[in-house]
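Novice: Pasting in a structure now, in structure tokens, and then I'll have a few things to ask.
The values are calculated or read from the model by the stated rules, or taken from the named source; none is laboratory data. As the structure is a prediction and not an experimental result, all values here were calculated from the model. Please note: Cβ atoms are built from the backbone with ideal geometry, for glycine as well, and neighbour counts cover all protein chains shown. Areas reflect the complete protein model, heavy atoms only, side chains present, ligands, DNA and RNA absent. Shrake-Rupley method; radii C 1.70, N 1.55, O 1.52, S 1.80 Å.
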Amino acid sequence: MDNSADIDSPELVSAEVTAGQETRKVLLLQIFRQIVTVVGAMILFRLLDAGPFGLWGMVFPLMMLPRMAATLGVSVAAVQKEHLSEEQKSALFWVTLLLGAFAGLITGLLGHLFSWLYGVPELAWICWAFAGTSVVEASSLTHQTLLQRELKIGRIAGIKLLGQAIAVSVGIYTGYQLGEDVIAYGIVALIAMEYAEMVINALGLWLAAGWRPGRFRTKEITGLLRFGGYYSCSSLVFYLGQNLDKVLLAAVIGSTRSGQRMMGMYSAMYHLMMKPVYFVTDPVTSVMLPSLSRSRGKREEYRRLAEGFYLFTATLLLPAGVGLLVVSPDVVPLLGGAKWDPATGMLFGLAPAVCVHGLINISGSLLASAGQARRLLCASLVLLLIQAQAYAAGYFFGHHFGLQFGVTAEHATAVGIAVSYSAVLLMVSIPYLLFCYRSVEMQMGSTIYQCLRLLGFAFLMGVGVWFVRGQLSGLYPAVRLIICVAAGAGMYALLAWSALQQNVWPFIRRSGIRGSQT
């Protein structure tokens, strides 16, 4: 059915305005979250060194994979569902809580297995220590889902900002209290951080949602479990592909202290690379799924909303990826000091992934909103196979060429896998997005054209920043970095002014979302 007549209807405008307003709130709160995390990282990198971050990098997939597989799909199904009764809400809560407890148990058991595989005995107790966080998070996922259904995304972001600020403070305090034991037990500070964040988030979400669960009735959850099962599987596969690089690194270099340091640097640089991605995609995905799910019966509204989200993401992340690539030699010394110098090559290799990572991430919300969880699972499986081959190639070439350049095998391996991580995402991005667009019966030509145009602007900006940085070689890295970031932002604003007005300004000023009108 042709819904072009609805293009300016009050309902369409209202949906766009609501989604835009909430995205704007989250985007502004994300700025403060980034400040908190960067300042916290600067202190913790120096306080704990890279070793505890290496252990954290080994544990993180073992904690997140069971958690996502157990809980995420059911919550997404509840957001996507048009109507949700009180009985279904209660059933969702109890099932999610039980699945969270099961995920925690799996994390603890995996710790024993992987401590043997990696040759790192302490991994067993660390996994059990982190296991309880899955239960704490599961206790508030239903409340977060209810807030998402009502598009109260700004409240969720505010709660998470508070949780992150308190968590960083707890981590720093714990690290200082460890004193001389910080080298051996620095991971305790990261454990304390995780629990502090999860507990504050859970309390805040319960208060904000103002809802209490009732009795559990199994029949009320059957439909949600069916859809959620496919989505959980696809999320699990997708997340495995994103973390297979760290699993491979842990297997080949994680058994030695020097290897754990390189693993810690790689994990820290990976999370640093993902900060601009999460900065943009967190507000987008939190609004994208509920708003598209409510609009799927109105074809023109759905198209405009979806394309608006993609162009907003591309407009911000393409220059972020190029810029991070150019300034990476200044970022690492500023955050961690001279002892973190080996991480510069890792960040340089990972930085290009920022350009396309966000576009791939938000595609899950696009397919889920249209009920295409099976297609999402198939696409995730294909992507996983390609990523596995790329990481293996990155390990081989990194190890081989590293010996020729006179760096340690652990360092060369980490850099090689970092490069392969970016290379595989850049290679599959357009085919992956084309598949997702076709799955929801949308044309991608206009989006591709505008993204390539934005990439050209980002490339010109990168050349300009590279030139500016070369002229400031004698300055202190922090000063040089600030000047380069300001220059890059100014150059990109001049080059892409019309795109910023169309794709970004609506979120900040008019609070509406507008896709291409072609």
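Novice: For residue 370, which of the numbered conditions (1) closer than 26 Å to residue 315 by Cβ; (2) at pLDDT 85 or above; (3) open to solvent by 30 Å² or more (accessible area, probe 1.4 Å) fails to hold?
Specialist: (2)
Novice: Can you name every residue in segment 189-217 that is touching a residue at least 40 places away in the same chain (Cβ under 8 Å) and more than 23 Å from residue 145 (Cα to Cα)?
Specialist: 189, 190, 191
Novice: Can you pull out the residues in segment 316-341 that are open to solvent by 20 Å² or more (accessible area, probe 1.4 Å), of a type outside the set (Lys, Arg) and modelled with pLDDT under 90?
Specialist: The answer is 333, 334, 338, 341.
Novice: Would you tally the residues in segment 70-88 being open to solvent by 40 Å² or more (accessible area, probe 1.4 Å) and either part of a helix (DSSP H, G or I) or at pLDDT 85 or above (or both)?
Specialist: 3
Novice: Follow-up. Suppose we filter segment 266-310 for residues that are open to solvent by 30 Å² or more (accessible area, probe 1.4 Å) and modelled with pLDDT under 85; how many remain?
Specialist: The qualifying residues number 8.
Novice: Here is a further query. Quick check: is even one residue across segment 410-427 in a helix (DSSP H, G or I), touching a Pro at 6+ places or on another chain (Cβ under 8 Å), open to solvent by less than 10 Å² (accessible area, probe 1.4 Å) and not aliphatic (A, V, I, L, M)?
Specialist: Yes; the residues of segment 410-427 include at least one that is in a helix (DSSP H, G or I), touching a Pro at 6+ places or on another chain (Cβ under 8 Å), open to solvent by less than 10 Å² (accessible area, probe 1.4 Å) and not aliphatic (A, V, I, L, M).
Novice: If I ask for residues that are closer than 22 Å to residue 279 by Cα and open to solvent by 30 Å² or more (accessible area, probe 1.4 Å), which ones from segment 136-149 would you list?
Specialist: Listed by number, the residues that qualify are 137, 144, 148, 149.
Novice: As an exercise: evaluate residue 255 against (1) hydroxyl-bearing (Ser, Thr, Tyr); (2) assigned to a helix (DSSP H, G or I); (3) within 25 Å of residue 399 (Cα to Cα) and give the number of the one condition it does not meet.
Specialist: Tallying (1) hydroxyl-bearing (Ser, Thr, Tyr); (2) assigned to a helix (DSSP H, G or I); (3) within 25 Å of residue 399 (Cα to Cα), residue 255 fails exactly one: (2).
Novice: Turning to a different aspect of this structure: May I ask you to list the residues in segment 176-206 that are small (Gly, Ala, Ser) and open to solvent by 50 Å² or more (accessible area, probe 1.4 Å)? Walk me through it before giving the result.
Specialist: Residues of segment 176-206 that are small (Gly, Ala, Ser), as a first pass: 179, 184, 186, 189, 192, 196, 202, 204.
Within segment 176-206, just 184 meets the criteria.
Novice: If we scan segment 365-384, do we find a residue that is part of a helix (DSSP H, G or I), under 21 Å from residue 250 (Cα atoms) and β-branched (Val, Ile, Thr)?
Specialist: no
Novice: Follow-up question, since we're still on this one. Go through segment 34-59 residue by residue and tally those that are in a helix (DSSP H, G or I), of a type outside the set (Val, Ile, Thr) and open to solvent by 40 Å² or more (accessible area, probe 1.4 Å).
Specialist: 3
Novice: Oh, and also: Is it the case that residue 387 is in contact with a helix residue (DSSP H, G or I) (Cβ under 7 Å, 6 or more places away or on another chain) and either open to solvent by less than 10 Å² (accessible area, probe 1.4 Å) or modelled with pLDDT of 95 or more (or both)?
Specialist: Spelling it out, residue 387 is indeed in contact with a helix residue (DSSP H, G or I) (Cβ under 7 Å, 6 or more places away or on another chain) and either open to solvent by less than 10 Å² (accessible area, probe 1.4 Å) or modelled with pLDDT of 95 or more (or both).
Novice: Continuing with the same structure: Counting only residues that are surrounded by 14 or more Cβ atoms within 10 Å (Cβ to Cβ) and at pLDDT below 90, which one in segment 474-504 is farthest from the chain's Cα centre (by Cα)?
Specialist: Step by step, filter segment 474-504, then rank; the result is 475.
Novice: Now for a different question. Given the conditions (1) of a type outside the set (D, E, K, R); (2) modelled with pLDDT of 80 or more; (3) open to solvent by 30 Å² or more (accessible area, probe 1.4 Å), report the number of the one that residue 263 does not fulfil.
Specialist: It fails just one condition, (3).
Novice: What pairs come up if the first residue lies in segment 366-386 and is at positive phi, the second is assigned to a helix (DSSP H, G or I), and their beta carbons are under 8 Å apart, counting only those six or more places apart or on different chains?
Specialist: Correct list of pairs: 371/80; 371/227.
Novice: Further question on the same structure: Note down all Cβ pairs under 6 Å where the first residue falls in segment 88-104 and is of a type in the set (Ser, Thr, Tyr), the second is open to solvent by 20 Å² or more (accessible area, probe 1.4 Å), and they're at least six residues apart or on different chains.
Specialist: Within 6 Å, the pairs are 90/213; 90/214; 96/141.
Novice: Here is a check on your reading of the model: is residue 95 part of a loop (DSSP other than H, G, I, E, B) and buried (at least 21 other Cβ atoms within 10 Å of the Cβ)?
Specialist: So residue 95 fails the test.
A quick yes/no check of all residues on (1) over 30 Å from residue 116 (Cα atoms); (2) outside any helix (DSSP H, G or I):
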| position | (1), (2) |
| --- | --- |
| 261 | no, no |
| 278 | yes, no |
| 297 | yes, yes |
| 303 | yes, no |
| 309 | yes, no |
| 314 | yes, no |
